[in-house]
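What follows is a single structure, written as structure tokens, with notes after it.
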Amino acid sequence: MSSKDIVVAEHGSFTAKDYHDPPPAPLIDLQELKKWSFYRALIAEFIATLLFLYITVLTVIGYKSQIDPALGGDQCGGVGFLGIAWAFGGMIFVLVYCTAGISGGHINPAVTFGLFLARKVSLSRAVSYMVAQCLGGICGVRLVKAFQRSYYVNYGGGANELQDGYSTGTGLGAEIIGTFVLVYTVFSATDPKRKARDSHVPVLAPLPIGFAVFVVHLATIPITGTGINPARSLGAAVIFNNKKAWDDHWIFWVGPFSGAAIAAFYHQFILRAGAVKALGSFRSSSGHV
């Protein structure tokens, strides 16, 4: 047993390492393309993203209709930003809980991208997930428009747009930081080291992820409407098809993907000491002590 497999126990004694990091996923895994479990995971990601967009966009449109003075509403009516944030965070909690054992419960291309960078999923799976998520988002918003066409058109279709008074840099920064919070939480909640030592972590993992989405929405709804999920932003933009939504749309891809990349680097190379391990392997292969 090597020294890195020994950990100091609580009272100063030594014990064997009680967890195992899974091996890095291959870059291209053609074998998984032959398995039903792979396509079942794609279906799960598609349906989960569809349901996510359907419920959350309906909530946004419903809130705007409730505060519309033309319909007798007032600014203090409806669910408010707090209710919208709960809808987004609550749906992520529910859907991650339902799909974690099937697809991993990504429901977000930025999450998938971060996990790919950390070698948790293969390139083939990552690309397939992103396609399924984007198609699910588009179909989810299309259902909203089909059932609530007049409300959908009148109240912005739930599309993400940079709000008046905020610069492009501010919007991009909000998306980067917001996605960093989400993806960092995903890495922490699914860390095999924590799952091995805290048996409750696998059960509770969807909860902190849902709360991360909730608190990020509270902070960034007034700035960008909160994207942090390119499938959510794309689905709303494609169906609403508004010029302003498309003008700002790049923010909702560059921001989330940048935030996910930073979170993956921070967790894998700083918190999990990936850089130190890589340096140690290099020194060993070079013959250094």
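Values quoted throughout were computed directly from the atomic coordinates according to the rules given, and no laboratory measurement underlies them. Treat the numbers as computed from the prediction; the structure is a model and nothing was measured. A quick note on method: Cβ atoms are made from the backbone with ideal geometry, for glycine too, and the neighbour counts reach across all protein chains shown.
Observations
- Local electrostatic count at L27 - Lys and Arg +1, Asp and Glu -1, tallied over other residues with Cβ under 15 Å: +1
- Computed extension length for V79-N242: 56.2 nm, one decimal, from 0.36 nm per residue of separation with the Cα-Cα distance subtracted.
- W253 paired with R149, simple spin-label distance in nm, labels 7 Å along Cα-to-beta-carbon: 3.0
- A prolate overall shape is assigned to region 30-286, the ratio a/c of its alpha-carbon gyration tensor axes (a ≥ b ≥ c) being 1.5 or greater and a/b exceeding b/c.
- Charge tally in the Cβ shell below 15 Å around V57, where Lys, Arg are +1 and Asp, Glu are -1, V57 excluded: +4
- Footprinting exposure proxy ranking of I28, I102, fewest other C-beta atoms within 10 angstrom first, gives I28, I102.
- Contour minus Cα-Cα distance for I28 and D68 (0.36 nm per residue): 9.3 nm
- Given K35/K244; K34/K120; K34/K243, the pairs whose alpha carbons are separated by over 31 Å: K35/K244; K34/K243
- Projected label distance in nm at I43 and F269, using a 7 Å step from Cα toward the beta-carbon: 4.0
- Taking a Cβ cut-off of under 12 Å around H106, the surrounding Lys, Arg, Asp and Glu residues balance to a net charge of +1, with basic ones at +1 and acidic ones at -1.
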